Structure formats: structure tokens, C-alpha cells
Amino acid sequence: MPGYDPQNIFAKILRGELPCHKVYENDKVLAFLDIMPRAPGHTLVLPKAPARNLLDIAPDDLAAVMHASQTIAKAAMSVFHADGITIQQFNEGAGGQVVFHLHVHVIPRKAGVAMKPPASEKERPDVLSDQALKLAAALTRV
Ligand code: 5GP
């Protein structure tokens with residue numbers, strides 16, 4: 001497996017070199033909205049530590065990412081009036097990974113509504129801003 005590339009797009013977001021619609025942050029984790037959501041509220045949860053994917057992340061960083069993913073999933077159920085949550089996490093190109101900094105997808109789902117295909121449509125920034133504010137506010141209450 002190749003090593004961690006510090007120039008990947010999520011590393012740039014983590015360093016503040018590129019913007020994001022942040023929903024949650026603690027000392028180990030950053031979470032923000034996917035710019036091409038597969039459903040409204042589609043959130044990406046990342047370790048702050050450099051890790052390419054599940055195959056090289058330290059167990060305590062992985063635990064922090066999963067803990068935050070659970071917290072975000074619970075909040076997203078009410079904010080997005082979801083009936084369920086889909087969790088995805090891809091590893092290496094063969095596993096469907098496109099951006100090589102580990103991230104967990106937290107995707108709110110409505111009964112009977114299919115997810116959009118990956119990377120099919122960019123959401124409007126004002127829509128993402130509004131959703132991020134609502135989810136971040138709900139996260140302060142859990
Ligand atoms: P994966 O690597 O798990 O296959 O997917 C990468 C995800 O990152 C995709 O869902 C894609 O829409 C999202 N993505 C790609 N570039 C950006 C970006 O610049 N900002 C944000 N917020 N999401 C991105």
C-alpha cells in the first residue's frame with residue numbers, strides 16, 4: 001500500500017488550506033459535509049492524525065472516528081428527519097476509495113429513497129451552510 005500523501009484534499013481541509021462546511025470537531029476528529037452528497041446531510045468524519053485508511057490508522061484514532069460517527073448519526077436522524085443511516089468507509093482504489101485520508105461516510109436515509117450515485121452532483125454552498133449549522137447546533141445538544 002502507498003504511504004500517506006499530505007497533499008490529499010482532506011489533509012488540506014484539516015490544515016485550513018481549503019474550506020469546508022464543518023459540523024463537528026474535537027481534539028482527534030473533524031467532521032464536515034460532503035460537497036457531492038448522496039443524500040441530504042451526508043457527512044464525512046475524519047481523524048486529525050494522518051491515516052490513509054482502515055489499514056494504517058491507529059486503533060485509538062479509529063475509535064475516536066467511530067465514536068464521533070455514532071454521535072453525528074444520532075443527531076442527523078432528527079435534523080434530517082431520517083428513517084435510517086447508511087455508514088460507508090472505503091479502502092484503496094479497489095475498495096472504492098477516492099480520497100486517501102481515512103473518512104467515514106454518515107448518510108441519512110429516507111425509507112424508499114435511493115442514494116444518488118457517488119460524486120454525481122455538487123450541492124449549493126448555501127444549502128450546505130444551512131445544513132451544517134443545523135447539524136452542528138443539534139450536536140451541541142447530544
Ligand atoms: P471516497 O474516497 O470515500 O470514495 O469518497 C470521497 C468523498 O469525498 C466523496 O463522497 C466526494 O463527494 C467527497 N469529496 C471530494 N472532494 C471533496 C471536497 O473538496 N470537499 C468535500 N467536503 N467533500 C469532497
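The values are calculated or read from the model by the stated rules, or taken from the named source; none is laboratory data. Quantities reported herein were computed from a predicted structural model and do not represent experimental measurements. Positions of Cβ are generated from backbone atoms using ideal geometry, with glycine treated the same way; all protein chains shown enter the neighbour counts.
What number of residues within the range 55-75 satisfy the criterion of being touching a strand residue (DSSP E or B) at 6+ places or on another chain (Cβ under 9 Å) and of a type in the set (D, E, K, R)? The total comes to 2. Every listed requirement among (1) out of contact with any Leu (no Cβ under 7 Å at 6 or more places or on another chain); (2) closer than 22 Å to GLU121 by Cα; (3) of a type outside the set (Gly, Ala, Ser) is met by ASP83 save one, (2). Residues of the range 95-129 that are among the aliphatic types (A, V, I, L, M) and more than 10 Å from the ligand (Cβ to nearest atom): VAL106, ALA111, VAL113, ALA114, MET115, VAL127.
Of the residues that make up the range 18-39, is at least one within 13 Å of the ligand (Cβ to nearest atom), farther than 24 Å from THR86 by Cα and either surrounded by 19 or more Cβ atoms within 10 Å (Cβ to Cβ) or modelled with pLDDT of 95 or more (or both)? The answer is yes; a qualifying residue exists.
Would the range 127-140 turn up any residue that is under 13 Å from ARG38 (Cβ atoms) and part of a loop (DSSP other than H, G, I, E, B)? Among the residues of the range 127-140, not one is under 13 Å from ARG38 (Cβ atoms) and part of a loop (DSSP other than H, G, I, E, B), which makes the answer no. Taken together, the residues in the range 61-94 that are part of a helix (DSSP H, G or I) and within 15 Å of the ligand (Cβ to nearest atom) amount to 5. State yes or no: is LYS12 more than 11 Å from the ligand (Cβ to nearest atom) and either over 19 Å from ALA137 (Cβ atoms) or of a type outside the set (Phe, Trp, Tyr) (or both)? Taking the combined requirement at face value, the residue does not satisfy it. Residues that are assigned to a loop (DSSP other than H, G, I, E, B) and of a type in the set (Gly, Ala, Ser) were ranked within the range 95-112; the one that is nearest to ALA82 (Cα to Cα) is ALA111. Would you be able to say whether some residue in the range 29-44 is touching a helix residue (DSSP H, G or I) at 6+ places or on another chain (Cβ under 7 Å), free of Cβ contacts under 8 Å to residues at least 60 places away in the same chain and β-branched (Val, Ile, Thr)? Yes, the conditions are met somewhere in the range 29-44. Scanning the range 76-122 for residues that are buried (at least 18 other Cβ atoms within 10 Å of the Cβ) and under 13 Å from LEU33 (Cβ atoms) yields ALA76, VAL79, PHE80, HIS103, HIS105, VAL106, ILE107, PRO108.
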